[in-house]
Amino acid sequence: ALVLAGERLQGALADPVKALHPTSDASREDSLSRAATENAPRVAALVARAIRARETSLLEVWFASLGPIASQLLEAAVVGAIRKTPPPRPRPRQPEPKIIHGYELVKPLGEGGIGSVWLVRKADAERLFVLKIPKAEALATANDAERDGILASFVEEAKALAGLYHPNVANIIDRGVADGAPFLVLEYLIGADLREYAHAHPMSLFELRQVVPESCAGLAALHAAGLVHRDIKPGNLWLRLPLAGGERFDAQRHRNPALAPPLATVVIDFGMVRPIRVQGDVGGRFVAGTPGYIAPEQVLDPVELDPRADVYSLAATIYNVTTRRAFFDDVESPRDRILAHMRRDPFEDPARLAGFPAAVAKVLRAATALSPNDRPGPLEFGRAFAASLLEMFVMCRARRARWRAARSARRGRERARRSATATRRSGSRGSRSTRAGSRPGCSSRTGRDARPARRWADLAAAAARPRRGPSRAAPRRRREARPRASPRSCARRR
């Protein structure tokens, strides 16, 4: 009821003239949008979790999305509910197990919204894998309904990823349930992620000619399975590199594509993966993503999430690895930065796209539209990006060809000018020697024969003249000048 009241209050403040009219049953039902009504139970679960945890910071983005007046009223209501709610009893933290279903935990690799990722070793196989399990903290702070929802979403994700096999998606090796909690085992990849790969120096568009289409192919396979990644960024796109076993990525040796060319691009880290449509009573989280890459519709974690949110994040990734900047990185406050994702165009400043070709800039603008309906799908975006690179390369080759032709013409004019200058100088020397009273063909100073110099000057002048093609009229005249043989003479020859 609090969530629906907040939405109605925000709608009334947005259109006060409409709010002054008397309400009827039909207008009361249509006062809220379908998306707001469907998403209300999910937001209510998040509000209840924040009240039990006594942390209003979990609801800052929701408060800010409602406007200044409605947010102050709802924040006061939540604070009052926190005061009336007794604090929860502390639960003993359960230690992390050392072995899960035969997989030995080596070290943690990271964690997402409700899951943690570990590097594990299979004892009998002597191989390294990646294990994903639900977070113990998330299960400890959730009530029974939220716990069941977390486990159910984890099981659904495991089923969907288990049936998905694609060369551009991290493959699942094993899955199961240990101590009442599901787990996933994925392949251990060798190489580096885009964040580490582009840390040495920014990537060029030519280096992305293979990365972007393969990433789009992996996302298309993920969307076809009914899942949305929600956290596409440079750290979650992996480059397979031809490294020796156990060798770590070294930017000094392996950053050169000529020495270590990337073999393939793989989408990794499914810590925030969720189905495209979830049940309204399944608890979610606000700001399910990374600031700088999160799509506008993804901030409030709606019940039905458009999969083209990953295309927005992929465009932000391309912008980051080529410029070392992220969307809205000039906004200092984290809360204002999230709101900027919801309301502003990331390329509203034309200077951000000044270093990109026009075709590539057009593709990036289309992929970062505020409405997901105006964005292309992953495969369409990959084809458009490849076509823009091809157009850029063709224009560069044509420009280089024109430059070479202009350079050849300029060099030809310079050679002709030098030859003409040499001809004039040699001619002036010969005329001075003749006027000096010396014998013809000799120099007045040395007495040497000047005819070879004149001969060379004549050859240079002849070379400077434009050449003409051979005349085709001369052979005709020669053939016409020959007397034609009479029939009698031909008979005599026979």
Once Arg365 and Arg400 are pulled to full extension, the length gained, defined as 0.36 nm per residue separation minus their Cα-Cα distance, is 9.8 nm
With +1 at each Lys and Arg Cβ and -1 at each Asp and Glu Cβ, the charge dipole magnitude of segment 345-386 around its Cα centre, to the nearest 20 debye, comes out at 160 debye
Cα-only Rg/Rh for segment 297-342 with Kirkwood Rh rounds to 1.01
Cα convex hull volume per residue for segment 338-426, in Å³, equals 103 Å³
To the nearest 0.05, the calculated FRET efficiency linking Arg324 and Asp148 through their beta-carbon distance, R0 being 41 Å, is 0.40
Whole-Hz Karplus couplings 3J(HN,Hα) for segment 349-355, θ = phi - 60° and coefficients 6.51, -1.76, 1.60, Gly and Pro as x, run 8, x, 5, 5, 9, 5, x
Distance in nm between Ala358 and Glu207 label points, each 7 Å along Cα→Cβ, equals 2.8 nm
Neighbour-count ranking for His201, His229, His166, His223 (other C-beta within 10 angstrom, fewest to most) reads His201, His166, His223, His229
Expected sort for 235-241, 387-393, 261-267 on mean C-beta neighbours within 10 Å, highest first, is 235-241, 261-267, 387-393
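Taking Cα pairs under 8 Å and at least six residues apart, what relative contact order does segment 291-361 come out at, in percent?
34 percent
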Short to long, in 10 Å steps from zero, the percent of alpha-carbon pairs of segment 318-363 per bin is 24, 54, 21, 1
Using the Kirkwood formula on alpha carbons, the hydrodynamic radius of segment 357-403 in angstrom works out to 11.6 Å
Cross-link reach from Lys135 to lysines, straight Cα distance under 26 Å and at least 8 residues apart if same chain, gives Lys98, Lys107, Lys122, Lys159, Lys233
Under the 7 Å Cα-to-Cβ spin-label approximation, Glu55 and Ala416 lie apart by a distance in nanometres of 7.9 nm
Percent of all Cα-Cα pairs per 10 Å bin for segment 276-431, counting from 0 up to the last occupied bin, reads 9, 28, 22, 12, 8, 7, 6, 4, 2, 1, 0
For segment 290-295, Karplus-derived ³J(HN,Hα) couplings (6.51, -1.76, 1.60; θ = phi - 60°; whole Hz; x for glycine and proline) come out as 10, x, x, 9, 6, 7
Residues meeting the amide H criterion for Gly191 (H placed from the backbone, H to H distance under 5 Å, 5 or more places apart or on another chain) are Leu241
Listed by chain and number, the residues whose amide H is under 5 Å from that of Ile100, excluding neighbours fewer than 5 places away on the same chain and using placed H, are Leu105
Mean Cβ-within-10 Å packing, highest first, puts peptides 378-386, 329-337, 172-180 in the order 378-386, 172-180, 329-337
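Coordinate-derived values only; no laboratory data. Predicted model only: the values in this text are computed from it and were never measured. Quick reminder, even Gly has a Cβ in these numbers, built from the backbone with ideal geometry, and neighbours come from all protein chains shown.
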